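S.K.: I'd like to ask you about the structure that follows.
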Amino acid sequence: MSKPVLSARNLTKRFGGLVAVMDVSLDLFKGKVHGVIGTNGAGKSTLTNLLSGDLPPTTGSIFYKGMELFDLPQHRVSRLGIGRSYQKTNIFPAFTVFENVRLAAQALHQRPFQFWKRAGSFADVNQITERAIHAVGLSDKRKIQAFAMSHGEQRQLEIAMCIAGEPEVLLLDEPLAGMGHSEAERMIDLISRLKNDHAIMLIEHDMDAVFSVSDYLTVMVNGQVLESGTPERIRTSDKVQQAYLGYGEDSHV
Amino acid sequence: MNFKITTRNLLVAVLLLMLCALPLFAEKFYVQLFSKILIMGIFAMSLDLLVGYVGLVSLGHAAFFGLAGYCAALLSPQYEAGNFFVSFSAAISICILFALLTGVLALRTKSFYFIMVTLAFAQMIFFIFHDTKIGGGGDGIYIYQKPLLAISGITLLELENFKTFYWFTFGWLIAIYAFLRILLQSHYGHALGGIKVNEHRMRALGYPVFWYKLSAYVIAGSIGGIAGYFNAIQFGFVNPENISWHTSANVLMMVILGGMGSLHGAVFGASVFILLQELISNESMLGSFASHWSLMMGFFIVAVSLFLPNGLTGLFSRGSKK
Ligand SMILES: Nc1ncnc2c1ncn2[C@@H]1O[C@H](COP(=O)(O)OP(=O)(O)O)[C@@H](O)[C@H]1O
Ligand SMILES: [Mg+2]
């Protein structure tokens, strides 16, 4: 098997007395989707925050292509090639869709010293921007201010911003939440296409979606890994059955 | 860039021409009053870069104004004119240094704390000049002759001439306006805009937010220093009042008056502020009431803030937008 692009070893995160993530290890491989499921409060978003550099782990280590990321500021982690989307939409509401995504694309090609050139005049950045907007299906909304769009469209924008940074690792925190049926289908389709040249971690409540697109699954409960393995193995696991009885049915919104 | 002939552009062109021609027909008093407005316009634009474009509210911006002023005074010999290039570059260098030193610390704080820390740094500079003899203590220090703008003995501009001085500051205002305008439209400027709206997401996208803020703080401080330098040589006098929190608060009021996040708004706010100050502190017009000018100014600011959330420039742009 090839080497993991991103791997976490024994990650633990405490918030005061609360242990949100406890001794979690996982590997993300290029060309694979690693699904992470678990009830609310299981620590999935916190795990994402640790991997993306939003938060430092209390203990444990993270390796990107074999290099340990130790105390690296978030923007450095991001520019290494670890991109993420947020569960709670985290955009620039007053900016247009284009400008939101353009800022994400610009991050890779920051040119603070070419201050006499207009931000919109860099062909490479504009091209990446257009591609990302097209990929999530927002092309006809490019000029609309982000706050004026529906919740589902803002979720699509969130993903466009994530991929415009051209990361190698995608950490997607509940990308389908709040999307309509056709939007969600489009997104699953996009994720399976992105899979080819990305290592993806997908947190998702929609069981059908996550089982269909994932190559490997990790089930979290109370900050800990309850079980991990291929989708078939998770589906038939007794432990998961016990912890999740009926959970799959409730979650179909 | 393409310029269309619209009523608005025509009005701006006429206004600029009139401002340019002002020394040709106006009395000395008014030319000097307008020089002061131009200088405060530069000062207000520099603070607006922080407040309006990065979202950093500073209540210590006068530190740069005062430091550069003192630098101009201390580098002017008593019986002859100093060298403009020397004292000007020294003043700006001091401001850059001060911005770097204080910015590294102040920018680790946010919102309310940033206001307090910037205020505290400015107060430190205030007390250094107020309580020591470096710059004449509380009485301040005079600049007897304006610095000489000359290259190898050939005088380029006669700054002692009030008309020349006016045009000189006018040129600086236009240049700084253009520089900031271009800067704000660049990658750098757009990144600042993103930081103002959502700093966290900018970091997640891969922007070194701290360095963007620090550089903006340094640019704002240096331009604030340019204003302080010209202010000092115009009046030939610097005192601790230039660094006091009154000065910081006044320039913040100019920015708010004009409408935050608009460069011409900042200049407009400065004009209104200075003219109003001139008007309501004029004893021949308002009698003893004039001594309460800051009270009246206060009411005016409150009224603008309440009824014109986008400042005075909001009055004009309301028609054109939406
Ligand atoms: N910044 C924080 N400070 C304190 N507690 C937090 C913080 N973030 C998350 N938690 C807590 O950690 C636990 C895990 O939360 P989270 O990672 O958001 O779970 P999930 O995404 O699986 O729903 C929850 O109990 C939550 O309240
Ligand atoms: Mg979550």
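The values are calculated or read from the model by the stated rules, or taken from the named source; none is laboratory data. All of these numbers come straight from a predicted model, not from anything done at the bench. FYI the Cβ positions are ideal-geometry reconstructions off the backbone, even for glycines, and counts take in every protein chain you see. Ligands, DNA and RNA are stripped out before the accessible areas are found, and what is left, the full protein with its side chains, is counted by its heavy atoms. Shrake-Rupley method; radii C 1.70, N 1.55, O 1.52, S 1.80 Å.
S.K.: Go through region B:162-188 and give me each residue that's at the interface with chain A (Cβ under 7 Å from one of its Cβ atoms) and either under 12 Å from A:Leu103 (Cβ atoms) or part of a helix (DSSP H, G or I) (or both). Can you show your working first?
M.R.: Here is the first cut: in region B:162-188, the ones at the interface with chain A (Cβ under 7 Å from one of its Cβ atoms) are B:182-183, B:185-188.
Listed by number, the residues that qualify are B:Ile182, B:Leu183, B:Gln185, B:His187, B:Tyr188.
S.K.: Of the conditions (1) farther than 18 Å from A:Leu172 by Cβ; (2) within 16 Å of ligand 2 (Cβ to nearest atom); (3) out of contact with any strand residue (DSSP E or B) (no Cβ under 6 Å at 6 or more places or on another chain); (4) of a type outside the set (D, E, K, R), A:Ala20 clears all except one; give me its number.
M.R.: Status for A:Ala20: all satisfied but (3).
S.K.: May I pose another question? Checking the conditions here, which among A:Leu11, A:Leu72 is outside any helix (DSSP H, G or I) and within 14 Å of another protein chain (Cβ to nearest Cβ)? Even if it seems obvious, please write down each step before you answer.
M.R.: Details: A:Leu11 fails: within 14 Å of another protein chain (Cβ to nearest Cβ).
On inspection, the qualifying residue turns out to be A:Leu72.
Condition check ((1) within 16 Å of ligand 1 (Cβ to nearest atom); (2) in the same structural domain as A:Lys44 (by TED's automatic domain parsing); (3) of a type in the set (Phe, Trp, Tyr)) across all residues:
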position	(1), (2), (3)
A:Asp173	yes, yes, no
A:Met179	no, yes, no
A:Arg186	no, yes, no
A:Leu190	no, yes, no
A:Met201	yes, yes, no
A:His205	yes, yes, no
A:Tyr216	no, yes, yes
A:Val219	yes, yes, no
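S.K.: Continuing with the same structure: Inside region A:32-52, can you point out the residues that are open to solvent by 20 Å² or more (accessible area, probe 1.4 Å) and more than 9 Å from ligand 1 (Cβ to nearest atom)?
M.R.: A:Lys32
S.K.: Moving to a separate point now. Would you call B:Gly193 at pLDDT 95 or above and more than 14 Å from every other protein chain (Cβ to nearest Cβ)?
M.R.: So B:Gly193 does not fit the description; no.
S.K.: For B:Ala204, all conditions in the list (1) farther than 30 Å from B:Leu17 by Cα; (2) in contact (Cβ under 8 Å) with a residue 12 or more places away in the chain; (3) within 14 Å of chain A (Cβ to nearest Cβ); (4) crowded, with 20+ Cβ neighbours inside 10 Å hold save one; what is the number of the exception?
M.R.: The one condition B:Ala204 does not meet is (2).
S.K.: Out of (1) assigned by TED's automatic domain parsing to the domain that holds A:Leu26; (2) among the hydroxyl-bearing types (Ser, Thr, Tyr); (3) within 16 Å of ligand 2 (Cβ to nearest atom), what's the single condition that is false for A:Thr59?
M.R.: Here A:Thr59 clears every test but (3).
S.K.: Return yes when A:Asn49 is within 16 Å of ligand 2 (Cβ to nearest atom), assigned to a helix (DSSP H, G or I) and touching a Leu at 6+ places or on another chain (Cβ under 7 Å) and no when it is not.
M.R.: Judged against the criteria, A:Asn49 is a match.
S.K.: Hey, which of the helices (runs of 4 or more DSSP H) in region A:120-202, taking only ones fully inside, have at least 3 residues that are open to solvent by 40 Å² or more (accessible area, probe 1.4 Å)? Before you say what the answer is, go through the steps one by one.
M.R.: On the way: elements: A:123-136, A:151-164, A:181-194.
Helices (runs of 4 or more DSSP H) meeting the threshold: A:123-136, A:181-194.
S.K.: To continue, here is another question. Report yes if A:Ala119 is in contact with a His (Cβ under 7 Å, 6 or more places away or on another chain) and away from ligand 1 (no atom under 16 Å from the Cβ), otherwise no.
M.R.: Numbers: in contact with a His (Cβ under 7 Å, 6 or more places away or on another chain): yes; away from ligand 1 (no atom under 16 Å from the Cβ): yes.
So A:Ala119 passes the test.
S.K.: From (1) more than 16 Å from ligand 2 (Cβ to nearest atom); (2) more than 30 Å from A:Arg186 (Cα to Cα), pick out the condition that doesn't hold for A:Phe95.
M.R.: It fails just one condition, (2).
S.K.: Further question on the same structure: Just wondering, is there one or more residues in region A:72-86 that are within 16 Å of ligand 2 (Cβ to nearest atom) and surrounded by fewer than 22 Cβ atoms within 10 Å (Cβ to Cβ)?
M.R.: No.
S.K.: Just the residues that are in contact (Cβ under 8 Å) with a residue 24 or more places away in the chain and closer than 21 Å to A:Met207 by Cα, please, taken from region A:26-40.
M.R.: A:Leu26, A:Leu28, A:Gly31, A:Lys32, A:Val33, A:His34, A:Gly35, A:Val36, A:Ile37, A:Gly38, A:Thr39
S.K.: Next question, about the same structure. Filter region A:138-162 for residues that are at pLDDT 95 or above and of a type in the set (Val, Ile, Thr) and give the result.
M.R.: A:Ile144
S.K.: B:Gly135 passes all but one of (1) away from chain A (no Cβ under 14 Å); (2) open to solvent by 10 Å² or more (accessible area, probe 1.4 Å); which number fails?
M.R.: (2)
S.K.: Of all the residues that make up region A:87-114, how many are within 23 Å of A:Met201 (Cα to Cα), at the interface with chain B (Cβ under 8 Å from one of its Cβ atoms) and crowded, with 21+ Cβ neighbours inside 10 Å?
M.R.: 3
S.K.: Would you be able to tell me the number of residues in region B:66-79 that are open to solvent by 10 Å² or more (accessible area, probe 1.4 Å) and assigned to a helix (DSSP H, G or I)?
M.R.: Here is the first cut: in region B:66-79, the ones open to solvent by 10 Å² or more (accessible area, probe 1.4 Å) are B:67, B:71, B:74-79.
Going one step further and asking which of them are assigned to a helix (DSSP H, G or I), we end up with B:67, B:71, B:74.
Residues that pass the stated criteria total 3.
S.K.: Now, a different point. Of everything in region B:6-36, what is within 21 Å of B:Gly228 (Cβ to Cβ) and open to solvent by less than 10 Å² (accessible area, probe 1.4 Å)? Give them in sequence order.
M.R.: Matches in region B:6-36: B:Val31, B:Ser35.
S.K.: Further question: Regarding region B:80-99, can at least one residue be identified that is touching a strand residue (DSSP E or B) at 6+ places or on another chain (Cβ under 9 Å), within 30 Å of B:Glu158 (Cα to Cα), in a loop (DSSP other than H, G, I, E, B) and of a type outside the set (Gly, Ala, Ser)?
M.R.: For region B:80-99, residues touching a strand residue (DSSP E or B) at 6+ places or on another chain (Cβ under 9 Å), within 30 Å of B:Glu158 (Cα to Cα), in a loop (DSSP other than H, G, I, E, B) and of a type outside the set (Gly, Ala, Ser): present.
S.K.: Also, quick follow-up: Is there a residue being touching a residue at least 60 places away in the same chain (Cβ under 8 Å), away from chain B (no Cβ under 14 Å), within 16 Å of ligand 1 (Cβ to nearest atom) and within 27 Å of A:Val33 (Cβ to Cβ) anywhere in region A:132-152?
M.R.: No - not one qualifying residue is present in region A:132-152.
S.K.: For B:Glu199, all conditions in the list (1) more than 10 Å from chain A (Cβ to nearest Cβ); (2) surrounded by 15 or more Cβ atoms within 10 Å (Cβ to Cβ); (3) among the charged types (D, E, K, R); (4) touching a residue at least 60 places away in the same chain (Cβ under 8 Å) hold save one; what is the number of the exception?
M.R.: Exception for B:Glu199: condition (4).
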